[in-house]
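The values are calculated or read from the model by the stated rules, or taken from the named source; none is laboratory data. A quick note: this is a predicted structure, and the numbers were derived from the prediction, not measured. Every residue, glycine among them, receives a Cβ derived from its backbone with ideal geometry; neighbour counts consider all protein chains shown. Heavy atoms of the whole protein, side chains included, go into the accessibility calculation; ligands, DNA and RNA do not. Shrake-Rupley method; radii C 1.70, N 1.55, O 1.52, S 1.80 Å.
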Amino acid sequence: MKKQHSGDGAVIIKKYANRRLYNTESSSYITLDHLAQMTREGREFRVVDAKTDEDITHNVLTQIIMEEESRGQTMLPVNFLRQLISMYGDSMQAMVPAYLDASMESFRRNQAQFKSAVEGAFANSPFAEMAKRNMAMFEVAASAFKPGSGGASDSPAPVAGSKDDEIAALKAELSRLQDKVEKLGH
């Protein structure tokens, strides 16, 4: 069978009376899950009734949403659904589809911008520099406690003496570490 596309390049999906969906591009029967995946991938398709050639894409997409919603993790809040239903028959009904379409397109653009901003948030930014400095400070602090690393072992170890001697040695070590940290920060 010849691959069929609509005039706009969309793949033609035929829906038969037995509720089976036939992808004319791949010459195979598919499921609603396949159509949902095609939608996520940005593939354009049109669903037509195999007998009448009527375009039933809207009905099938609504059916996909119903199935997705019934799987547990709902995306459409009850209040939104109530408001949407209340708009049927309202004088503003004709404007709702264009408004929802524009709102969703704006949301998708913002989502893409937000995603790229989050992904690039640490690359070549002040956060990246802060992370590098924090890592360096951590390494200096950790090396101070490693024997033979030039850290705490450079200072004479307090001889089993008074607690005042131990406190003085710790204060001296802390002061030395603070000096190193300040040098790293500049």
Of the candidates Ala142, Ala136, Ala102, Ala131, the one satisfying the condition of being open to solvent by less than 70 Å² (accessible area, probe 1.4 Å) and at pLDDT 90 or above is Ala102
Only listed residue being surrounded by 11 or more Cβ atoms within 10 Å (Cβ to Cβ) and under 22 Å from the mean Cα position of the chain (by Cα), chosen from Leu76, Leu61: Leu76
Could you check, for region 39-48, whether at least one of its residues is closer than 28 Å to Ile13 by Cβ, of a type in the set (Asp, Glu), open to solvent by less than 70 Å² (accessible area, probe 1.4 Å) and touching a residue at least 24 places away in the same chain (Cβ under 8 Å)? no
Among the residues of region 150-168, is any modelled with pLDDT of 65 or more, surrounded by 10 or more Cβ atoms within 10 Å (Cβ to Cβ), assigned to a helix (DSSP H, G or I) and not acidic (Asp, Glu)? yes
Working carefully through the options Ser103, Ser86, find the one that is among the polar types (S, T, N, Q), in a helix (DSSP H, G or I) and over 26 Å from the mean Cα position of the chain (by Cα). Ser86
Go through the residues of region 64-78 one by one and say whether even a single one is among the small types (Gly, Ala, Ser), out of contact with any Asp or Glu (no Cβ under 7 Å at 6 or more places or on another chain) and at pLDDT below 90. yes
